Amino acid sequence: MQVDLQSFLDEKVAEYNRPAFITNDPISIPHRYTTKQDIEIAGLFAAVLAWGQRKTIINKCLELMRLMDDTPYEFIRNHQESDLKRFLSFKHRTFNATDTLYFIEFLRQFYQQHDSLEEAFARFIIDQDKTTEKALIGFRNLFFSLEFAPARTSKHISTPAAKSACKRLNMFLRWMVRTDDKGVDFGIWKRIQPSQLVCPCDVHVERVARHLKLIQRPQLDWQTAVELTQKLSQFDANDPVKYDFALFGLGVEGVL
């Protein structure tokens with residue numbers, strides 16, 4: 001049964017992990033850029049805003065990139081205070097102008113000191129760590145370390161320390177870390193290993209994973225995401241999160 005399931009999932013990975021997947025997915029936002037820092041910034045915003053209908057998510061992300069003059073890294077580094085007024089009307093679900101402005105300020109200060117956002121995650125993890133748990137906890141603590149961090153913004157950066165499944169950040173890390181020759185994920189970060197990634201668990205992935213009996217834990221939390229990833233690592237220990245393509249694709253298309 002396990003061999004049959006692996007073969008089935010491998011087929012679905014091959015079906016969905018290809019450039020045609022990009023157009024209708026939030027990953028299309030960072031794919032508009034070629035500079036590493038543009039990809040990181042656009043990817044972080046696209047992942048954080050990724051809830052709701054994918055078409056709406058993409059449109060909101062495009063709006064946000066336009067507000068940054070479609071050069072996010074340049075804008076983050078060199079904007080003037082007067083340039084920030086244009087963000088006061090930006091909103092996507094519960095993500096509003098206060099959240100947007102804090103993200104921009106954190107990124108501005110971070111990129112003054114570091115070349116890549118990879119440092120904000122990778123500094124907290126070592127090769128011997130089995131998952132990215134410490135990287136996610138460390139990133140959240142770093143992100144909210146500015147003294148004026150708004151309390152309301154905390155809900156937009158999840159953490160395993162609060163038992164969250166961290167779907168959006170796990171997805172962002174998949175984009176940045178996973179590498180293959182298919183052209184979907186970027187693989188531009190090298191200090192985190194693909195084997196350490198944890199599968200992003202959204203409603204589609206969870207539903208299909210439960211149907212395939214890849215998850216036993218009744219609730220959806222960090223341990224559930226780790227449980228799913230451990231099951232998937234039996235099929236590919238070096239790159240378990242590639243199966244996110246299969247589970248998500250099957251869920252979106254309603255195959256199962």
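The values are calculated or read from the model by the stated rules, or taken from the named source; none is laboratory data. Since the structure is predicted, the reported quantities are computational estimates derived from the model, not experimental observations. Positions of Cβ are backbone-derived with ideal geometry, glycine not excepted, and every protein chain shown enters the neighbour counts. Ligands, DNA and RNA are stripped out before the accessible areas are found, and what is left, the full protein with its side chains, is counted by its heavy atoms. Shrake-Rupley method; radii C 1.70, N 1.55, O 1.52, S 1.80 Å.
Tabulated values for the structure
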| quantity | calculated |
| --- | --- |
| Segment 157-171 - residue that is buried (at least 17 other Cβ atoms within 10 Å of the Cβ) and outside any loop (DSSP other than H, G, I, E, B) and, of those, farthest from the chain's Cα centre (by Cα) | P160 |
| Residue, farthest from P26 (Cα to Cα), within segment 61-119, restricted to residues that are among the charged types (D, E, K, R) and in a loop (DSSP other than H, G, I, E, B) | D115 |
| Filter result for E105 (within 20 Å of Q37 (Cα to Cα) and either open to solvent by 20 Å² or more (accessible area, probe 1.4 Å) or of a type outside the set (G, A, S) (or both)) | yes |
| Qualifying residue in segment 205-212 (condition: of a type in the set (K, R) and not in a loop (DSSP other than H, G, I, E, B)) | yes |
| Conditions (1) out of contact with any Phe, Trp or Tyr (no Cβ under 7 Å at 6 or more places or on another chain); (2) open to solvent by 10 Å² or more (accessible area, probe 1.4 Å); (3) under 28 Å from E118 (Cβ atoms); (4) not in a helix (DSSP H, G or I); number of the one not met by G254 | (3) |
| Residues that are open to solvent by 50 Å² or more (accessible area, probe 1.4 Å) and among the small types (G, A, S), drawn from segment 17-68 | A20 |
